[in-house]
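Worksheet: the structure to be examined is printed underneath.
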Amino acid sequence: MKYFGYVLEHLRKDLRLEWRSRDAINGMLFFVLLVVVVFSIAFDPAGYPTVTRQISGGILWVGLLFASMTALNQSWAREQRNQVLEAQRMAPSPASALFLGKALANMIFVLIVEAVLAPIFVVFFNLHVLGNAWLLALILPLGTWALVVNGTFFAALGLRARNRELLLPLILLPLSLPSLLMMVQATTGVLTSDLDHIQIRTWITQLAGFDVIYTTICILFFETALNAE
Amino acid sequence: MDRSPILRKIAWLWLATTIAVLVVGFRQAIFFAPTEATMGNLQRIFYYHVTHATLGLVFPYINCAASLAFLYWRRRDPLKALTADALAVASAEVTVLYVGITLASGMLWGKPAWGIWWTWDARLTSELILWLLYISYIMLRRFSPSGQTPTLAAVLSVFAAIDIPIDFMSIEWWRTQHPAPVFGPNGGGIDPHMWPAVLWNLAGWMMWGVLLIALRFVIERRRQIAEQDAALLAIEASLETPQ
C-alpha cells in the first residue's frame with residue numbers, strides 16, 4: 001500500500017507541474033490538430049467516406065504517436081532542472097514508483113488530448129462509427145498505455161544520451177510497431193465494422209498482452225536505466 | 001589480449017573448416033539436392049534463406065543472455081561484465097547481418113514466387129521489426145556517451161528480445177502468406193534427399209556466424225582494454241603533476 005502512496009505522490013506532483021505550465025498538453029493538442037488538418041488536406045475525406053473510415057484509425061494513432069513523442073521527450077526534462085532527478089535517485093522510495101507515476105501522468109495527458117481531439121476528428125473526417133462505438137473506450141486507453149509506457153521508459157533511458165530528441169523515435173517506433181498494428185486494426189475494425197467480434201476481441205487481447213508484458217519489463221528494469229552510470 | 005599463437009591457429013583452422021563446410025553445403029544445395037516439383041530451381045534459395053533465418057533467431061538470444069549477464073555482473077564483477085558487454089555488441093551486429101540476409105533472400109525469392117518483393121505478412125513483418133530493433137540497439141550504442149552505454153543498451157536488448165519468440169511462432173499463430181512451417185510436428189516435411197543440403201548449410205553458416213562474433217568480440221575487447229590503459233595512464237599522469 002505504501003508503494004501506491006509513492007506512485008500517487010509522483011502522479012500528483014506531475015499533474016500539478018503540468019497544471020501550472022500546461023506545456024505538454026497544449027503542445028500535443030496543437031500538434032495533433034495540425035496532423036489531422038494535414039491529413040484531411042492530403043486525403044480529401046469528405047469525398048470518399050468509405051476510404052476515410054478505413055484510413056482514419058491509422059491516421060488517429062499515428063498522430064497520437066508523434067504527438068506523445070514530442071511530449072515524452074520533454075517529460076523528464078523538468079526533473080533535470082535543479083538536480084531534482086539526482087534527489088529522486090537518492091530518495092528511499094523505489095525507482096519504479098517514480099516511473100509509474102510519470103507514466104500515469106503522461107497517460108492522463110494523452111487521454112485528455114484524445115478527448116478534445118475526438119469530436120474534431122469526427123467532424124473533419126466526416127465519420128460515423130458503424131461498429132460498436134463503446135469498444136473504443138477499451139481500445140483507446142489500452143493503446144495509449146502501450147505508447148506511453150515504453151515512451152516514458154525510453155525517454156528516461158535517453159536522458160544522458162547525445163541528441164536524445166532523435167534517439168527516442170529511433171527506439172520507440174520499432175518497439176511500438178506491434179502495438180500500433182493491433183490498435184489500428186482494432187480501431188479500424190470498430191469504425192468500419194468489417195471485422196467480426198472474435199477478430200476484434202483477438203486484437204484487443206493481444207494489445208492487452210503487449211501492455212502487460214512491457215509494463216512488467218519497464219517496472220523491472222527502470223531502476224537499472226535510471227541509475228546507469 | 002588473445003595474442004597467444006594457439007588461439008590464432010584455432011581461428012585459422014576454424015576459418016578453413018568453415019569454408020570447407022560451406023563449399024560442401026553449396027555443392028549439396030546447388031547440384032545434389034533434388035529439384036523441387038512446383039518451384040524448380042528457385043527453391044534452392046531455401047537452403048540459404050532458412051539457415052540464415054534460423055541463425056538470425058539464435059544470435060539475438062546470445063545478445064539477450066550476454067546483456068542479462070552484464071546487468072548481473074555490473075556491480076559484482078565489472079571486468080566480467082565488460083566481457084559480457086563485448087559479446088553482446090558482437091552478437092547484435094551479427095544478428096543484424098543475418099536477419100538482413102534473411103530479409104533480402106526472402107525478397108529475392110518472393111518476387112518470382114509471389115510476384116511481389118514484399119508483403120505485410122505476419123512473419124515478414126515480425127522479422128522486419130526484429131531487424132529494426134537491433135538496428136536501434138546499435139544506434140543507441142552510437143548515441144550515448146561511453147560510460148553508460150552498456151547498461152542502457154543491455155536494458156534495450158531485453159525489450160528487443162521479446163520479439164524473437166513472437167517472430168518464431170508467427171507462422172504458427174497467423175497462417176498468412178509466408179509458407180507454413182516445414183520442420184517440426186506441424187511441418188510439411190521435406191524430401192529426405194534435401195536434408196544433407198539443409199544440414200551442411202546450417203552447420204557452415206553457423207560456424208561462419210560464430211567466427212564473425214568471435215572476431216568482433218576480440219576487436220571489442222581490444223578496444224575496451226585500450227580504453228582502460230588510456231584511463232590508467234591519464235590517472236597516473238595526473239598523480240605525477242605537482243599539485
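Observations, loosely collected:
- Contact order, relative form, for chain B: 32 percent (alpha carbon pairs under 8 Å, 6 or more residues apart, mean separation divided by residue count).
- Built amide H within the under 5 Å cut-off of B:E36, gap 5+: B:Q43
- Across the range A:109-229, the fraction of Cα-Cα pairs farther apart than 18 Å, rounded to a whole number, is 58%.
- In a DSSP loop and with at most 12 other Cβ atoms within 10 Å, the chymotrypsin sites (Phe, Trp or Tyr not before Pro) in the range B:104-151 are B:W117, B:W120.
- Across all Cα pairs in the range A:137-182, the calculated P(r) in 5 Å bins from zero up to the longest distance comes to 5, 24, 28, 20, 13, 8, 3, 1 percent per bin.
- Crossing angle, helix B:45-76 versus chain B [Cα axis fit, 0-90 degrees, rounded to tens]: 30 degrees
- Shown for chain A: the carbon plus sulfur share of the solvent-accessible area, taken with all protein chains present and a 1.4 angstrom probe, equals 68%.
- Average projection area in nm² (convex hull over Cα atoms of the protein assembly as shown, one quarter of hull surface): 28.9 nm²
- What separates the Cα centres of the range A:110-142 and the range B:12-91 is a distance of 46 Å.
- Qualifying trypsin sites (Lys or Arg not before Pro) in the range A:1-86, DSSP loop, other Cβ atoms within 10 Å at most 12: A:R22
- Helix content alone sets the calculated 222 nm mean residue ellipticity of the protein assembly as shown: runs of n ≥ 4 DSSP H residues at -39500 (n - 2.57) each, divided across all residues, give -28000 deg cm²/dmol.
- Rounded tilt (10° steps) of B:122-143 against the dominant C-alpha axis of chain B: 20 degrees
- Computed over chain B, Kirkwood Rh from alpha-carbon pairs, angstrom: 20.1 Å
- Put simply, the range B:25-64 fits an ellipsoid with semi-axes of 27, 11, 5 Å; these come from the alpha carbon gyration tensor as the roots of five times its eigenvalues, largest first.
- Cα pair count fraction exceeding 27 Å, expressed as % - the range B:28-162: 33 percent
- For the range A:124-207, trypsin sites (Lys or Arg not before Pro) are listed when DSSP marks them as loop and at most 16 other Cβ atoms sit within 10 Å of their Cβ; the list is A:R162.
The values are calculated or read from the model by the stated rules, or taken from the named source; none is laboratory data. Treat the numbers as computed from the prediction; the structure is a model and nothing was measured. Methodologically, a virtual Cβ is constructed for each residue, glycine included, from the backbone with ideal geometry; neighbour enumeration extends over all protein chains shown. Please note that ligands, DNA and RNA were not included when accessible areas were found on the heavy atoms of the full protein model with its side chains. Shrake-Rupley method; radii C 1.70, N 1.55, O 1.52, S 1.80 Å.
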